[in-house]
1. List pairs: first in segment 325-339 and on the phi > 0 side of the Ramachandran plot and part of a helix (DSSP H, G or I), second surrounded by fewer than 21 Cβ atoms within 10 Å (Cβ to Cβ) and modelled with pLDDT under 95, Cβ under 9 Å, 6+ apart or cross-chain?
2. Check residue 305 against each of (1) over 23 Å from residue 233 (Cα atoms); (2) crowded, with 24+ Cβ neighbours inside 10 Å and name the one condition it does not meet.
3. Using beta carbons and a limit of 9 Å, which pairs, at least six apart or on different chains, have the first residue in segment 123-140 and on the phi > 0 side of the Ramachandran plot and modelled with pLDDT of 95 or more and the second one buried (at least 19 other Cβ atoms within 10 Å of the Cβ) and assigned to a strand (DSSP E or B)?
4. In segment 146-171, which residues are part of a loop (DSSP other than H, G, I, E, B), touching a residue at least 60 places away in the same chain (Cβ under 8 Å) and either out of contact with any strand residue (DSSP E or B) (no Cβ under 7 Å at 6 or more places or on another chain) or over 26 Å from residue 274 (Cα atoms) (or both)?
5. Considering only segment 87-106, state which residues are surrounded by 24 or more Cβ atoms within 10 Å (Cβ to Cβ) and either out of contact with any strand residue (DSSP E or B) (no Cβ under 9 Å at 6 or more places or on another chain) or closer than 20 Å to residue 38 by Cα (or both).
6. Would you check if residue 236 is over 18 Å from residue 98 (Cα atoms) and either touching a helix residue (DSSP H, G or I) at 6+ places or on another chain (Cβ under 7 Å) or at pLDDT below 95 (or both)?
7. Does any residue of segment 267-275 turn out to be crowded, with 19+ Cβ neighbours inside 10 Å and over 21 Å from residue 153 (Cβ atoms)?
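The values are calculated or read from the model by the stated rules, or taken from the named source; none is laboratory data. The shown structure was predicted, so the numbers you read here are calculated from the model rather than taken from an experiment. Positions of Cβ are backbone-derived with ideal geometry, glycine not excepted, and every protein chain shown enters the neighbour counts.
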């Protein structure tokens, strides 16, 4: 399945501008979501055999497999209802901000095929929390979905860093009812000042406000924090202390990196680097968090997964689930199904 995509489909897509190819992928998946017979047929062929493989329970939720679609692909909740047809066990939409925004100037996404990597500086381009909430209200709700839905929240660019908490709370209020879990993204390198929210004092303010609002809800939703791969070990320790203080449900490790290892030392493009070059660092952070929390904090491992070995590496390091995005760009739409089967066979041994 990979070879057909890599030999015939990928070359056509890669003749397109990176962002245009991304938009075509979202459009195709959104269309698939509207063609019920085809979607159902693909779901049957992509899902794991329930008689052989038990679902995975994490965050109080049931996942049919360990592989999810990371935030960044479906920013506006247009395509996610068809994700199960491609073999995904969960999907995370967004990043969504309280206010609609166009993101950074184009071009802002760049492929590096020989390195199986992407640099992007998208800047949280999305239609805003109100529009995304309105779309989610017309789609399958909690309990009626094939797979869990995560909603990734970020800071609006125009919101001053000192008003970031208020901005996140506005998004939380609009979107919490639609999410199986929520993610606070404080780690994208493409919104000025955003990573300051990983500093202990600002993070304490943000998590205190969000967890307080969550406790006030009739039905509490699991909340996770997505962190950067560029944090030092002491910084990660400080983040974990705040997570423990406020009882967050888990952590996503990691976002894209500002580092430019190897080949990328000569690349003069701003933005976050994703794909194979991030694999080792993200796995190191997963392992560090797992050790530091004695395996008690659920971790979703993200970064550089291009095959079953890379996904298994994250799980062996302590992740409960994994997510992919850049890997799908290079491996094709059914990459998740291949990973899920490989990991499930491994788990069954």
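1. Nothing qualifies.
2. (1)
3. 124/94; 124/95; 124/96; 124/185; 128/96
4. The initial filter retains those residues of segment 146-171 that are part of a loop (DSSP other than H, G, I, E, B), namely 146-148, 154-160.
Now restrict to residues that are touching a residue at least 60 places away in the same chain (Cβ under 8 Å): 146-148, 154, 157, 159.
Within segment 146-171, 146, 159 meet the criteria.
5. If we filter segment 87-106 for residues that are surrounded by 24 or more Cβ atoms within 10 Å (Cβ to Cβ), which is where we start, we get 87-98.
Hits for segment 87-106 are 87, 88, 89, 90, 91.
6. On the way: over 18 Å from residue 98 (Cα atoms): yes; either touching a helix residue (DSSP H, G or I) at 6+ places or on another chain (Cβ under 7 Å) or at pLDDT below 95 (or both): yes.
Judged against the criteria, residue 236 is a match.
7. Within segment 267-275, the subset crowded, with 19+ Cβ neighbours inside 10 Å is 271-275.
Checking the rest, the ones that are also over 21 Å from residue 153 (Cβ atoms) come to 273, 275.
Checked against the condition, which is being crowded, with 19+ Cβ neighbours inside 10 Å and over 21 Å from residue 153 (Cβ atoms), segment 267-275 yields at least one hit.
So that you can scan it fast, the table gives a plain yes or no per residue for (1) at pLDDT 95 or above; (2) closer than 21 Å to residue 247 by Cβ; (3) under 14 Å from the mean Cα position of the chain (by Cα):
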{"residue": "284", "(1), (2), (3)": "yes, no, no"}
{"residue": "289", "(1), (2), (3)": "yes, yes, no"}
{"residue": "292", "(1), (2), (3)": "yes, yes, no"}
{"residue": "315", "(1), (2), (3)": "yes, no, no"}
{"residue": "318", "(1), (2), (3)": "yes, yes, no"}
{"residue": "330", "(1), (2), (3)": "yes, no, no"}
{"residue": "337", "(1), (2), (3)": "yes, no, no"}
{"residue": "346", "(1), (2), (3)": "no, no, no"}
